[in-house]
1. How many of the residues in the stretch 41-58 are open to solvent by less than 30 Å² (accessible area, probe 1.4 Å) and closer than 17 Å to MET72 by Cα?
2. Are there any pairs, at least 6 apart or on different chains, whose C-beta atoms fall under 8 Å, with the first in the stretch 1-30 and touching a residue at least 24 places away in the same chain (Cβ under 8 Å) and charged (D, E, K, R) and the second open to solvent by 60 Å² or more (accessible area, probe 1.4 Å) and in a helix (DSSP H, G or I), and if so, which?
3. Out of the residues in the stretch 21-34 that are over 20 Å from CYS73 (Cα atoms) and in a helix (DSSP H, G or I), state the one that is most open to solvent (accessible area, probe 1.4 Å).
4. Are there any pairs with C-beta distances below 7 angstrom linking a residue in the stretch 54-78 that is closer than 13 Å to SER26 by Cα and free of Cβ contacts under 8 Å to residues at least 12 places away in the same chain to a residue that is of a type in the set (S, T, N, Q) and assigned to a helix (DSSP H, G or I), with the two at least 6 apart or on different chains, and if so which?
5. Checking ILE76 against (1) surrounded by fewer than 24 Cβ atoms within 10 Å (Cβ to Cβ); (2) modelled with pLDDT of 95 or more; (3) out of contact with any Gly (no Cβ under 7 Å at 6 or more places or on another chain): exactly one of these is not met. Which one?
6. Name the pairs whose Cβ atoms lie under 9 Å apart, with the first residue in the stretch 127-155 and assigned to a loop (DSSP other than H, G, I, E, B), the second of a type in the set (Ser, Thr, Tyr) and modelled with pLDDT of 95 or more, and 6 or more positions between them or separate chains?
Amino acid sequence: MSGQPDQAIEHFTKSLELARLVGDQSYEAENLQMIGWGLLGMVGTGDYPAALDHQQQAVNISLDSHLHWHTMCSLIGYGLSQGGTGDYARGLVSIQKALKMAESVGLARFRSMALDAMGQHFQDLNLLEQAEALHTQGINAMLRAESTFWLPRLQANHAIDRIRQGDLNVGDELMTALELALSRGREFHAVRCLEGLAELYVARGEPEQAIHY
């Protein structure tokens, strides 16, 4: 969360070795999916093929062992990894499975993560109205749950959806999201807010401010 994916991967890899040594499938699945998250470009190093491999292993173990918490998070990471390697159709299917599981057990944090991930796919595909609707749902879910867990990233993506549709009045939304991310020590969400601010100033024709962000 502090934006140091290499160090995170190193520690999760050591933990994975220990989990396998003692035969703990729960921690094996958790460490595999966390390494996978560290390899994703949205929060980490951007090695999508390696992320895909780790998340797929995590999903398989989680499903076989009926580890529902791990399955939801791994499916979201797996879907993002699939999208990162160009397979958006299967990526959306994976994330939708996680979303249905989260809704069935009433877990707002995973529901919001899944909605954000689906919105990210639609954003990448330039289907911006669909992306905005999904990011709005995610924001509302976080607000109803009175949680800030995934809120800054959802707000940043929502603003980016609007920028790409021609709405350049999202500066306050992005600054609010940035301040929230930094106040919670979530630099990996702050990066997305900064990307949004940079894109906003490109669209406004203010390149120096864009470069600053």
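The values are calculated or read from the model by the stated rules, or taken from the named source; none is laboratory data. Remember, it's a predicted structure, so these values are computed and weren't measured experimentally. Cβ placement follows ideal geometry from the backbone for every residue including glycine, while neighbour counts extend to all protein chains displayed. We work out accessible area using only protein heavy atoms, side chains counted, and drop any ligands, DNA or RNA first. Shrake-Rupley method; radii C 1.70, N 1.55, O 1.52, S 1.80 Å.
1. 3
2. Partner pairs satisfying both residue conditions: GLU28/ARG20.
3. Taking the candidates together, the pick is LEU21.
4. LEU63/THR71
5. For ILE76, the exception is condition (1).
6. That search, which allows pairs on different chains as well, returns ALA145/SER112; SER147/SER112; THR148/SER183; PHE149/SER112; TRP150/SER112.
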